[in-house]
Amino acid sequence: MGKRVALTGNEAIALGMRQINPDVVAAYPITPQTDIVQYLASFVSDGQVKTELVTVESEHSAMSATIGAAAAGARAMTATSSQGLALMWEVVYIAASFRLPIVMPVVNRALSGPINIHCDHSDSMGARDSGWIQLYSESAQEAYDNLLQAVRIAEDKRVLLPVMVCQDGFITSHSMENLEILQDEEVRTFIGEYKPDYTLLDTERPVMYGPLDLQNYYFEHKKQQAEAMKAALPVILEVADEYKKLSGREYKLFEAYRMDDAEYAVVIMGSAAGTTRVVVDELRAAGEKAGLLKLRVFRPFPYKALQEVLGKVKAVAVMDRADSFSGFGGPVFTEIRAGLYDLEIRPKISGYIYGLGGRDLGIEEIRRVFNDIKIIAQGGDAVEFVTHLGVRE
Amino acid sequence: MTNPEQKIGGRKELGWKELPIGGVVLNPGSAKDYETGDWRSFRPLWSKEKCIQCLRCWVFCPDAAIIVEDGKMVGVDYKHCKGCGICRAECPAKGNAFEMVNEADIEEH
């Protein structure tokens with residue numbers, strides 16, 4: 001049975017990593033991820049895990065060493081934020097294309113420049129097409145739960161892809177929260193033993209990773225990755241079902257909150273979903289048909305499931321905590337629009353970019369967004385196509 | 001366009017459903033089936049007479065294309081030699097045992 005504890009998001013992740021007891025962690029400290037690795041280092045020195053902790057000289061090396069360990073057959077992890085993820089860049093793609101089930105907590109922080117240490121999603125959004133599965137967490141509880149499920153999703157033979165487990169820097173990572181954790185034994189039974197198909201250390205069945213792959217094979221390997229990403233959707237749901245039996249907590253591809261009869265809805269990811277839920281409750285109490293869709297799984301992008309829920313409303317506001325500088329809108333906005341395009345009847349969709357560099361998103365701003373889309377749902381034309389919310393003129 | 005029927009090392013090219021994932025190669029040493037010799041622009045022609053059998057070319061050749069039998073250099077494996085010229089650069093023999101010749105100037109082509 002679970003146990004109630006008070007932990008920050010980073011402590012919850014570190015505790016989850018202790019319970020997973022990975023064979024290898026290669027990591028480099030970066031704000032606001034730092035204390036994950038710091039706590040893990042304590043677990044290593046106190047003998048609470050058998051993890052080989054490799055203190056590398058950069059994030060490029062962190063990801064490279066993690067890939068090497070995973071290719072050798074180890075259950076390998078790392079963790080990062082912002083510039084660290086950016087420095088990992090080329091090897092992040094290699095982890096996915098080698099089909100190595102690495103799990104990496106990402107503590108979301110704005111990308112430079114100008115330099116900023118606070119939360120937005122520009123770091124992990126930049127890696128959205130790298131071939132990694134991406135799970136986003138609203139709270140420390142969700143970060144912990146997503147971390148444990150990520151191990152099972154990544155290592156499933158139908159998937160074999162790395163997973164980023166994202167939580168909001170400082171807002172979640174450094175805030176103390178009352179959450180429920182599993183017993184160590186329950187976690188170990190849930191994740192099971194990692195049995196890789198190929199390992200570099202198996203001299204009986206030698207394999208080679210990373211050969212030159214030219215015109216006649218590269219394309220087939222990319223098709224395999226594309227299919228593995230699609231295959232991850234049902235696996236994510238299966239793992240969530242099993243996790244629910246163990247923990248009592250329910251996870252799906254997204255949370256549809258008061259969406260059943262909603263006429264207009266906000267789509268959001270991460271910690272700001274909590275504030276949005278408060279506004280939905282307030283509007284519902286006033287008789288308004290407002291709803292919230294909190295996206296948990298961004299990669300693979302669950303467009304079919306989203307069609308079923310969002311296809312029923314008249315107006316949607318998609319909230320992005322990153323700008324893609326496409327001149328069009330944020331990444332979640334553009335994908336939601338594309339995902340709903342084939343519906344015969346589809347909602348009007350507006351984009352909002354909010355919270356860059358850790359800018360607070362207040363209840364007032366969310367009320368304004370709901371008011372905008374209520375007007376649109378009634379046939380009005382109230383807002384810009386994409387609004388940068390809470391920015392000064 | 002690549003011919004989908006094109007074969008390497010006499011093997012049928014596998015489709016994405018049959019291919020091992022992640023680009024792993026399950027039969028080590030199979031690089032010898034990939035004949036890199038056709039990348040070559042300059043061919044090292046070896047002179048048995050000038051060769052002093054120091055085997056520096058064998059040590060330095062990045063493609064293991066120097067053929068050695070019974071401890072002696074006997075020739076160049078042109079199926080794999082890419083024509084980099086390292087053998088010629090490293091050869092200490094007086095007059096040099098290697099001559100780099102443009103493939104276009106070789107009559108058999």
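The values are calculated or read from the model by the stated rules, or taken from the named source; none is laboratory data. Everything numeric here is computed off the predicted structure, so don't read it as measured data. Quick reminder, even Gly has a Cβ in these numbers, built from the backbone with ideal geometry, and neighbours come from all protein chains shown.
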Exercise. Quick one: in segment A:102-156, which of the residues that are of a type in the set (D, E, K, R) and under 18 Å from residue A:35 (Cβ atoms) is surrounded by the fewest Cβ atoms within 10 Å (Cβ to Cβ)?
Worked result: A:123
Seminar exercise, completed: Among helices (runs of 4 or more DSSP H) entirely within segment A:8-95, at least 3 residues that are hydrophobic (A, V, I, L, M, F, W, C), more than 18 Å from the chain's Cα centre (by Cα) and crowded, with 24+ Cβ neighbours inside 10 Å occur in A:59-71
Exercise. Restricting the first residue to segment A:86-109 and requiring it to be within 11 Å of chain B (Cβ to nearest Cβ), which pairs with a second residue that is of a type in the set (Ser, Thr, Tyr) and surrounded by 24 or more Cβ atoms within 10 Å (Cβ to Cβ) meet a Cβ separation below 8 Å and a spacing of at least six or different chains?
Worked result: A:95/A:66
For this session: Could you please give the count of residues in segment A:254-276 that are touching a strand residue (DSSP E or B) at 6+ places or on another chain (Cβ under 8 Å), surrounded by fewer than 22 Cβ atoms within 10 Å (Cβ to Cβ) and not charged (D, E, K, R)?
Result: 3
For this session: Name the one entry in A:200, A:233, A:237 that is touching a helix residue (DSSP H, G or I) at 6+ places or on another chain (Cβ under 9 Å) and modelled with pLDDT of 95 or more.
Result: A:233
Exercise. What number of residues within segment A:202-242 satisfy the criterion of being free of Cβ contacts under 8 Å to residues at least 40 places away in the same chain and part of a loop (DSSP other than H, G, I, E, B)?
Worked result: 12
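Table: residues versus (1) in contact with a Lys or Arg (Cβ under 8 Å, 6 or more places away or on another chain); (2) modelled with pLDDT under 95; (3) of a type outside the set (D, E, K, R).
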| residue | (1), (2), (3) |
| --- | --- |
| B:3 | no, yes, yes |
| B:25 | no, yes, yes |
| B:28 | no, yes, yes |
| B:50 | yes, no, no |
| B:56 | no, no, no |
| B:61 | no, no, yes |
| B:67 | no, no, yes |
| B:70 | no, no, no |
| B:84 | no, no, yes |
Problem set entry | Scope segment B:71-98; condition under 11 Å from the mean Cα position of the chain (by Cα) and free of Cβ contacts under 8 Å to residues at least 24 places away in the same chain; matching residues | B:84
Problem set entry | residue A:58 being among the hydroxyl-bearing types (Ser, Thr, Tyr) and under 24 Å from residue A:194 (Cα atoms) | no
Exercise. Identify, please: which residue in segment A:283-304 is part of a loop (DSSP other than H, G, I, E, B) and basic (Lys, Arg) and is, among those, surrounded by the most Cβ atoms within 10 Å (Cβ to Cβ)?
Worked result: A:296
Problem set entry | Within segment B:32-70, considering residues that are in contact with a Pro (Cβ under 8 Å, 6 or more places away or on another chain) and surrounded by 13 or more Cβ atoms within 10 Å (Cβ to Cβ), the one farthest from the other protein chains (Cβ to nearest Cβ) | B:54
Problem set entry | Qualifying position, being at positive phi and either surrounded by 14 or more Cβ atoms within 10 Å (Cβ to Cβ) or in a helix (DSSP H, G or I) (or both), among A:379, A:357, A:339, A:327 | A:357
Exercise. Mind checking whether some residue in segment A:159-167 is polar (S, T, N, Q), in contact with a Gly (Cβ under 8 Å, 6 or more places away or on another chain) and within 17 Å of residue A:248 (Cβ to Cβ)?
Worked result: no
Exercise. Out of curiosity, is residue B:107 farther than 23 Å from residue B:29 by Cβ, over 11 Å from the mean Cα position of the chain (by Cα), modelled with pLDDT under 95 and of a type in the set (D, E, K, R)?
Worked result: yes
Problem set entry | Matching residues, segment A:193-236, being more than 12 Å from chain B (Cβ to nearest Cβ) and crowded, with 17+ Cβ neighbours inside 10 Å | A:194, A:229, A:232, A:233, A:235, A:236
